[in-house]
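Read the structure below first, then the notes.
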There are 2 protein chains.
Amino acid sequence: MQQDEETCSTRDKILETALRLFSKEGYLGATTREIAREAGVAEVTLFRHFPSKETLFEETINANSFLPALKGLMPGIRQMPYGEALAMIAKSFLEILALRKDTVKIMQAEMQRYPEKIQKIYHAFIDEMVNTLASYFGEMHGKGSLREFDTELAARSFFGMFFSYFNAEEILLRKNYRHIDADKTVREFVDIFVRGTLK
Amino acid sequence: MQQDEETCSTRDKILETALRLFSKEGYLGATTREIAREAGVAEVTLFRHFPSKETLFEETINANSFLPALKGLMPGIRQMPYGEALAMIAKSFLEILALRKDTVKIMQAEMQRYPEKIQKIYHAFIDEMVNTLASYFGEMHGKGSLREFDTELAARSFFGMFFSYFNAEEILLRKNYRHIDADKTVREFVDIFVRGTLK
DNA sequence: TTACCTTGTTAGTAAGTACTTACATTTGCT
DNA sequence: AGCAAATGTAAGTACTTACTAACAAGGTAA
């Protein structure tokens, strides 16, 4: 019984392949046969690790939650200038999304059909980001450097801008858009936002 | 042969039901049997009107393009104050999205699997909106009332904010969010944007 | 060696899928 | 009434799906 090396790597291979195929073909489109073949294992092995396709799906998205990627994300934001802090938050946000691109695709595609589980994970991530930014806005209000506005709404609009950018570039694969690098986009978006919220 | 009343309504019933079920269960999840039953027709009737499920899918999304809803959208924007013009564009944008909610769901869910057709329709809509707003920014630049910024990027960020709001409220069905009515959101978002782009 | 654990192979099941064929029934127009 | 188009009913085809049962093969630990 050796459960640390080979066994675990078989399981992980299946999970990785499942993530890729679920994201490419959807839950119904990705068959257990195909997942097993691409993972290089027999189909029956897949069912020995995961009792059903639905279990595999759940464990796949659980294994790719966003929250670990959030830890220690915004360390020294408080002592940075306002604009730089926002730029850093935006960049980190885009980085996480890029890292979890496949998971984002799955969630967008299957959100309607499997609401409970997916909404929970997705919203936990968004809420964490929005709350962090909103409370940062609150602090800045206290310091008197910002004009009055609804901090939660502002945080939502901030991430909304960047999520739409990510969506256009990475999910919709816009080839006909002239390509604009992330840095310039961050600068322009943050610029609008900084001027829009300062006194 | 009477093709205007009954015949057309049978076809339309199928198309309407297909839109609803494709949006709720996805392309693979919605079966032709179910679509026919919910439309109140025999399955074979469905195949007499649409030679294949894929044809039905294409005609469904073609019948629900965004562009007709865009016609005559922004009539008197040029003679409105800047902030009111932006608010009106935002409201119209949100209205169209709400009208085509099912289509948006389908596109988000099936974008990965059927890229060609869907991307075309989706992007045609977004490009139309972005270009309209960007050229409006260009005119305002000419008049000297706005600071210098990238008009296309700004337009994208503007719609990105509102699309994310729509997504959170209507697609993800956020119940745990405190509900904020559209008007207040439009006001807050536009406010940030106006201050962020004025001189 | 012996025992165990994990995997592969092969074959199979029961159910569901898109789609078809043949024939009967309804419906509206002339 | 009579014709023709649109629809319904019933049966069936060929295929795919998630999932299982039975047995053999390999490696690891005692």
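The values are calculated or read from the model by the stated rules, or taken from the named source; none is laboratory data. As the structure is a prediction and not an experimental result, all values here were calculated from the model. Here Cβ is always computed from backbone atoms with ideal geometry, including for glycine, and neighbour counts include all displayed protein chains. Ligands, DNA and RNA are stripped out before the accessible areas are found, and what is left, the full protein with its side chains, is counted by its heavy atoms. Shrake-Rupley method; radii C 1.70, N 1.55, O 1.52, S 1.80 Å.
Confirm whether A:Leu133 is within 26 Å of B:Arg195 (Cα to Cα) and of a type outside the set (Gly, Ala, Ser). Yes, satisfied.
Among the criteria (1) within 11 Å of chain B (Cβ to nearest Cβ); (2) over 11 Å from the mean Cα position of the chain (by Cα); (3) of a type outside the set (Ser, Thr, Tyr), the one A:Met107 does not fulfil is (2).
Counting only residues that are away from chain B (no Cβ under 14 Å) and either closer than 15 Å to A:Thr103 by Cα or at pLDDT below 95 (or both), how many does region A:11-56 have? Residues in region A:11-56 being away from chain B (no Cβ under 14 Å) and either closer than 15 Å to A:Thr103 by Cα or at pLDDT below 95 (or both): 5 in total.
Condition check: closer than 30 Å to B:Leu56 by Cβ, surrounded by 17 or more Cβ atoms within 10 Å (Cβ to Cβ) and either out of contact with any helix residue (DSSP H, G or I) (no Cβ under 8 Å at 6 or more places or on another chain) or at the interface with chain A (Cβ under 8 Å from one of its Cβ atoms) (or both). Does B:Leu94 satisfy that?
Details: closer than 30 Å to B:Leu56 by Cβ: yes; surrounded by 17 or more Cβ atoms within 10 Å (Cβ to Cβ): yes; either out of contact with any helix residue (DSSP H, G or I) (no Cβ under 8 Å at 6 or more places or on another chain) or at the interface with chain A (Cβ under 8 Å from one of its Cβ atoms) (or both): no.
Criteria not met by B:Leu94.
Just one residue in the set A:Ala168, A:Ala154, A:Ala124 is in contact with a Lys or Arg (Cβ under 7 Å, 6 or more places away or on another chain), of a type in the set (Gly, Ala, Ser) and outside the structural domain of A:Glu16 (by TED's automatic domain parsing); that residue is A:Ala168.
Please enumerate the residues belonging to region A:25-70 that are more than 14 Å from DNA strand D (Cβ to nearest atom) and not β-branched (Val, Ile, Thr).
Taking region A:25-70 first, the residues more than 14 Å from DNA strand D (Cβ to nearest atom) are A:40, A:61-70.
Answer for region A:25-70, where residues must be more than 14 Å from DNA strand D (Cβ to nearest atom) and not β-branched (Val, Ile, Thr): A:Gly40, A:Asn62, A:Ala63, A:Asn64, A:Ser65, A:Phe66, A:Leu67, A:Pro68, A:Ala69, A:Leu70.
For region B:111-199, please list each of the helices (runs of 4 or more DSSP H) lying entirely inside it that holds at least 2 residues being open to solvent by less than 10 Å² (accessible area, probe 1.4 Å) and at the interface with chain A (Cβ under 7 Å from one of its Cβ atoms). Counting at least 2 such residues, we get B:151-166, B:182-197.
The rows are residues; the columns are (1) in the same structural domain as B:Lys120 (by TED's automatic domain parsing); (2) closer than 25 Å to B:Ile126 by Cα; (3) near DNA strand C (Cβ under 8 Å from one of its atoms); (4) open to solvent by 60 Å² or more (accessible area, probe 1.4 Å).
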| site | (1), (2), (3), (4) |
| --- | --- |
| B:Ala30 | no, no, yes, no |
| B:Arg37 | no, no, no, yes |
| B:His49 | no, no, no, no |
| B:Glu58 | no, yes, no, yes |
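Going by what's in this entry, would A:Lys101 be described as under 13 Å from A:Phe22 (Cα atoms), more than 9 Å from every other protein chain (Cβ to nearest Cβ) and of a type in the set (Lys, Arg)? In short, yes. For B:Leu86, the conditions (1) open to solvent by 50 Å² or more (accessible area, probe 1.4 Å); (2) over 17 Å from the mean Cα position of the chain (by Cα) are fulfilled apart from (1).
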